[in-house]
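Worksheet: one structure, shown below.
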Amino acid sequence: MASRICDSVLVTGSNRGIGLEFVRQLVDSPSPPVKIFAGCRAPNGPRSQDLQELAQKHQDVITVVQLDTTSPTSIAEASKLVEAKLEGKGLNLIINNAGVNIPGSLAETGKQEMVDVYTTNVVGPMLIAKDFHHLLCKAAAQFPHQTSMSCRRSAVINVSTLLSSITRCPENFYRSPMYPYRVSKAALNMLTRCLAEDFRKDGILVMSLHPGWVQTEMGGSKAPLTTAESISGMMKVITNLTEKDSGSLLDWEGKNIPW
Ligand code: NDP
């Protein structure tokens with residue numbers, strides 16, 4: 001029997017696009033997690049119907065959790081709900097997937113665009129790491145102290161992008177300037193590095209993962225990858241992460257991306 005990716009996982013922004021496909025592939029995996037928490041900012045809204053149907057089909061595994069990553073109150077409430085549902089156990093894995101992109105040449109970008117994108121793409125994952133830290137620690141502590149870091153034990157995956165890479169910027173800047181998005185995801189990568197150092201002592205792995213260019217509302221229809229292809233690649237990467245990957249930026253095929 002295939003080994004389980006982890007016992008419990010929270011995916012943010014899981015009502016559509018990459019997040020929804022993550023939940024779908026997790027629940028359909030040969031050995032699915034015992035509990036999948038599907039974070040979604042408007043669980044009863046029209047854009048959450050597909051997620052609600054999936055959750056209905058797998059009521060014993062999927063719990064839809066109201067989670068607006070721009071709201072500290074919503075994050076704190078979600079943490080309490082997840083803790084109660086875990087009944088004394090820890091949370092193994094958080095996939096910080098919720099994200100926004102506002103088209104952004106320099107001329108199109110003002111203070112509001114920068115702040116809005118930063119709030120969702122950086123502040124949200126930071127507050128989630130903070131409010132769920134005790135649950136990640138609890139999960140890590142359920143393994144013997146010497147156990148290597150992994151997503152099965154305890155981990156945070158921040159969904160980043162190739163466009164965050166400062167090294168690779170000259171080769172792709174003119175195709176997609178995206179000031180707010182690029183700057184926010186570069187900041188998210190620094191958050192990854194800081195958390196990786198901070199959480200190492202607790203046995204919690206932290207890394208950034210680029211899903212490829214994917215056919216979603218954000219990625220658009222010209223993207224070469226389907227969500228199914230991207231997520232099945234990322235699932236393999238996630239399953240095989242070890243200590244050495246903490247603090248890194250990898251793509252959906254497991255290739256290293258330079259900062
Ligand atoms: P989509 O725009 O298709 O979906 C974004 C998801 O994030 C939606 O579920 C949306 O929910 C949710 N979301 C946005 N803001 C919030 C919030 N404040 N609180 C909770 N949920 C929120 O994007 P993708 O699925 O393509 O992107 C997912 C992640 O992958 C993002 O972090 C993105 O930056 C990254 N990425 C995507 C690439 C691509 O090619 N698609 C390439 C590289 C990275 P709602 O329906 O409520 O708006």
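The values are calculated or read from the model by the stated rules, or taken from the named source; none is laboratory data. These numbers were taken from a predicted model, which means no experiment stands behind them. All Cβ positions, even for glycine, are placed from backbone atoms using ideal geometry, and neighbour counts span all protein chains on display.
Answer yes if at least one residue in segment 239-258 is over 17 Å from the mean Cα position of the chain (by Cα), under 26 Å from Pro103 (Cα atoms), touching a residue at least 60 places away in the same chain (Cβ under 8 Å) and surrounded by fewer than 19 Cβ atoms within 10 Å (Cβ to Cβ), and no otherwise. Within segment 239-258, one or more residues are over 17 Å from the mean Cα position of the chain (by Cα), under 26 Å from Pro103 (Cα atoms), touching a residue at least 60 places away in the same chain (Cβ under 8 Å) and surrounded by fewer than 19 Cβ atoms within 10 Å (Cβ to Cβ). Taking the numbered list (1) in contact with a strand residue (DSSP E or B) (Cβ under 8 Å, 6 or more places away or on another chain); (2) closer than 27 Å to Arg47 by Cα; (3) not charged (D, E, K, R) in turn, Ala196 passes all entries but (2).
Number of residues in segment 172-197 that are away from the ligand (no atom under 11 Å from the Cβ), part of a helix (DSSP H, G or I) and either under 16 Å from Leu127 (Cβ atoms) or not hydroxyl-bearing (Ser, Thr, Tyr) (or both) equals 14. Among the residues of segment 220-233, those identified as touching a residue at least 40 places away in the same chain (Cβ under 8 Å) and either of a type in the set (S, T, N, Q) or within 12 Å of the ligand (Cβ to nearest atom) (or both) are Thr227, Ser230, Ile231, Ser232. Taking segment 153-171 as the range and being among the polar types (S, T, N, Q), outside any loop (DSSP other than H, G, I, E, B) and away from the ligand (no atom under 14 Å from the Cβ) as the test, no residue passes.
Let's see how each residue does on (1) under 20 Å from Thr109 (Cβ atoms); (2) charged (D, E, K, R); (3) at pLDDT 95 or above:
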| position | (1), (2), (3) |
| --- | --- |
| Asn158 | no, no, yes |
| Pro170 | yes, no, no |
| Phe173 | yes, no, no |
| Val183 | yes, no, yes |
| Leu188 | yes, no, yes |
| Cys194 | no, no, yes |
| Leu205 | no, no, yes |
| Ser208 | no, no, yes |
| Val214 | no, no, yes |
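Criterion applied to Gly254, Gly233 was being in a loop (DSSP other than H, G, I, E, B) and of a type in the set (Gly, Ala, Ser), and the one residue passing it is Gly254.
The set of residues in segment 198-245 that are within 20 Å of Phe143 (Cα to Cα) and not hydrophobic (A, V, I, L, M, F, W, C) comprises Asp198, Arg200, Lys201, Asp202, Gly203, Thr239, Asn240, Thr242, Glu243, Lys244, Asp245. Applying the criterion of being more than 10 Å from the ligand (Cβ to nearest atom) and of a type in the set (D, E, K, R) to the residues of segment 26-79, the residue that is surrounded by the fewest Cβ atoms within 10 Å (Cβ to Cβ) is Asp60.
Per the conditions (1) touching a strand residue (DSSP E or B) at 6+ places or on another chain (Cβ under 7 Å); (2) not in a loop (DSSP other than H, G, I, E, B), the sole criterion not satisfied by Arg24 is (1).
At least 3 residues being within 29 Å of Gly212 (Cα to Cα) is the threshold, and among the helices (runs of 4 or more DSSP H) wholly inside segment 28-140 those reaching it are 49-57, 111-118. Looking across segment 204-219 at every residue that is assigned to a strand (DSSP E or B) and more than 8 Å from the ligand (Cβ to nearest atom), the one that is farthest from Gly19 (Cα to Cα) is identified as Leu205.
With respect to the stated conditions, Thr167 is of a type in the set (Ser, Thr, Tyr) and surrounded by fewer than 18 Cβ atoms within 10 Å (Cβ to Cβ).
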